[in-house]
Amino acid sequence: MAGLHKSELKNPLVNWIDSRLPVFTMMEAEYRRFPTPKNFNYLWNFGALVTITLLVMIATGIFLAMDYQPNVDLAFDSVQHIMRDVNYGWLVRYAHMNGASMFFIATYIHIFRGLYYGSYKKPRELLWILGVVLLLLMMATAFLGYTLPWGQMSYWAATVITNLFSAIPWFGHPIVTWLWGGFSVDNPTLNRFYSLHYLLPFVILGVVVLHVAALHVTGSNNPLGIEVTSPQDTLPFHPYYTAKDSVGLCVFLIVFAILIFFAPNYLGHPDNYIPANPLATPAEIVPEWYFLPFYAILRSVPDKLGGVTLLFGSVIMLFFLPWLDTSPVRSARFRPIYRQLMVLLVIDVILLGVVGSHRPEGAWISVGRVTTAYYFLHFLFLLPILGRIERPLPLPESISRPVVHHGGGPLPGAQPAKPMEKV
């Protein structure tokens, strides 16, 4: 019939819907028959894990919002009400609270996998940029959510972090006043943070859709960092990678469950179980663990404006990574020097996290400054130079060709790959 999509699905009801709205045909093409490189390892699971965790966070957040009261006189007690009086409220809150940590764990592994295998390089620059946008949105959402329980750490984290914007010349103080909704952290501040915390996850979900759409245009990178050259290099996404992702998801959920049921407050701060008191400053004001490397960068410079500049620069710099790395080779498997630098970068970020968890005194000040300097040195100096002086190992001719110890080429006795037929 004219105007209807020709659906080939066998179920009559599904066929009727699909002929008028071809959503099932699209899902069949994009998520079942979609060709993916056949050499993915388990590090490629974390993109799916991030998406699933996001959905868990949205679902638990909606249920928490039903009983939460965004009022400075009621917020702390409403959280206790959820924990004590609402049926399974403790489970929903612990899942939401620890889900943030699992979200960042999966995201950081996903990012470092992209760095190691060069997933930010042409033609995937926009895919990487959308990923950095997601990171910024995640950080903003997590900070806003951290303030909502209105405990001591929530209140003072809101006060300290929002005050950082006052370091911006000319516009800083008006931005702080707008964030507060007045001239101090009070009820308008909590209302604004609650509204934005509820809204931003849906913005993140929208950007995730764009991120996946960009991925399906350019195709996925792979551990060898070379492009797909024939159908022999690929497998349909389903059932091969849905099964593999399911294995990773089971392990991920086991760790998540252990955290929820056996150590729900392990990654939190005990001061946040004390009601917010503007007249009593905590002995230490520290952010959640996933912000500690950035917190260390902020404190590495004694000047407030300098610290804020480095803090935002540490993330904004990632937008330009596709052009900072000048090497034509993607994967660190074939870049021996870059592989060593990636190990140093991981150690550096972990050290930044350790520094951020300690008071800025004694040797920790020096360690923080050295690790901060190396972080920027890696991206702004070493990567541009390394691409010009490093001699990468030979690349394999295709994904289907087994890779020998010293680079690419067929194994002894292997049959040559047949040329791809023209369509």
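Just to be sure, is residue 207 among the hydrophobic types (A, V, I, L, M, F, W, C) and more than 30 Å from residue 150 (Cβ to Cβ)? No; evaluated as a whole, the condition is false for this residue. Considering only residues in the range 50-63 that are more than 15 Å from the chain's Cα centre (by Cα) and in contact (Cβ under 8 Å) with a residue 60 or more places away in the chain, the one that is surrounded by the fewest Cβ atoms within 10 Å (Cβ to Cβ) turns out to be 58. Just to verify a result, which residue in the range 223-254, among those that are hydroxyl-bearing (Ser, Thr, Tyr) and assigned to a helix (DSSP H, G or I), is surrounded by the most Cβ atoms within 10 Å (Cβ to Cβ)? Looking at residues that are hydroxyl-bearing (Ser, Thr, Tyr) and assigned to a helix (DSSP H, G or I), I get 241.
Let's see how each residue does on (1) surrounded by fewer than 23 Cβ atoms within 10 Å (Cβ to Cβ); (2) closer than 21 Å to residue 197 by Cβ; (3) touching a Leu at 6+ places or on another chain (Cβ under 9 Å):
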{"residue": "107", "(1), (2), (3)": "yes, yes, yes"}
{"residue": "113", "(1), (2), (3)": "yes, no, yes"}
{"residue": "122", "(1), (2), (3)": "yes, no, no"}
{"residue": "130", "(1), (2), (3)": "yes, no, yes"}
{"residue": "134", "(1), (2), (3)": "yes, yes, no"}
{"residue": "138", "(1), (2), (3)": "yes, yes, yes"}
{"residue": "144", "(1), (2), (3)": "yes, yes, yes"}
{"residue": "163", "(1), (2), (3)": "yes, yes, no"}
{"residue": "171", "(1), (2), (3)": "yes, no, no"}
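The listed residues are 83, 102, and the only one of them that is at pLDDT 95 or above, buried (at least 16 other Cβ atoms within 10 Å of the Cβ) and closer than 23 Å to residue 264 by Cα turns out to be 102. How many of the residues in the range 18-53 are touching a helix residue (DSSP H, G or I) at 6+ places or on another chain (Cβ under 7 Å) and assigned to a helix (DSSP H, G or I)? So the answer is 17. For the subset of the range 283-297 comprising residues that are within 22 Å of the chain's Cα centre (by Cα) and of a type outside the set (Phe, Trp, Tyr), which member is surrounded by the fewest Cβ atoms within 10 Å (Cβ to Cβ)? Ranking the candidates gives 286 first.
The rows are residues; the columns are (1) assigned to a helix (DSSP H, G or I); (2) outside the structural domain of residue 321 (by TED's automatic domain parsing); (3) in contact (Cβ under 8 Å) with a residue 60 or more places away in the chain; (4) charged (D, E, K, R).
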position: 119; (1), (2), (3), (4): no, yes, yes, no
position: 139; (1), (2), (3), (4): yes, yes, yes, no
position: 164; (1), (2), (3), (4): yes, yes, yes, no
position: 173; (1), (2), (3), (4): yes, yes, no, no
position: 189; (1), (2), (3), (4): yes, yes, no, no
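Pairs are defined by a Cβ separation below 8 Å, a sequence spacing of at least 6 or placement on different chains, a first member in the range 237-251 that is of a type outside the set (Asp, Glu), and a second member that is surrounded by 15 or more Cβ atoms within 10 Å (Cβ to Cβ) and not in a helix (DSSP H, G or I); the pairs so defined are 237/34; 237/36; 240/36; 240/38; 241/36; 241/40; 241/235; 244/40. A residue that is part of a helix (DSSP H, G or I), at pLDDT 95 or above, of a type outside the set (A, V, I, L, M, F, W, C) and within 30 Å of residue 26 (Cα to Cα) cannot be found anywhere in the range 212-222. For the condition touching a Lys or Arg at 6+ places or on another chain (Cβ under 7 Å), surrounded by fewer than 19 Cβ atoms within 10 Å (Cβ to Cβ) and under 25 Å from residue 275 (Cβ atoms), residue 66 does not qualify.
Here the condition is being within 27 Å of residue 150 (Cβ to Cβ) and either exposed (fewer than 14 other Cβ atoms within 10 Å of the Cβ) or not assigned by TED's automatic domain parsing to the domain that holds residue 162 (or both); of 213, 280, 257, 276, it holds for 280 alone.
The values are calculated or read from the model by the stated rules, or taken from the named source; none is laboratory data. The model shown is predicted, which means the values in this text are computed figures rather than measured ones. Neighbour counts run over all protein chains shown; Cβ positions are idealised from the backbone, glycine included.
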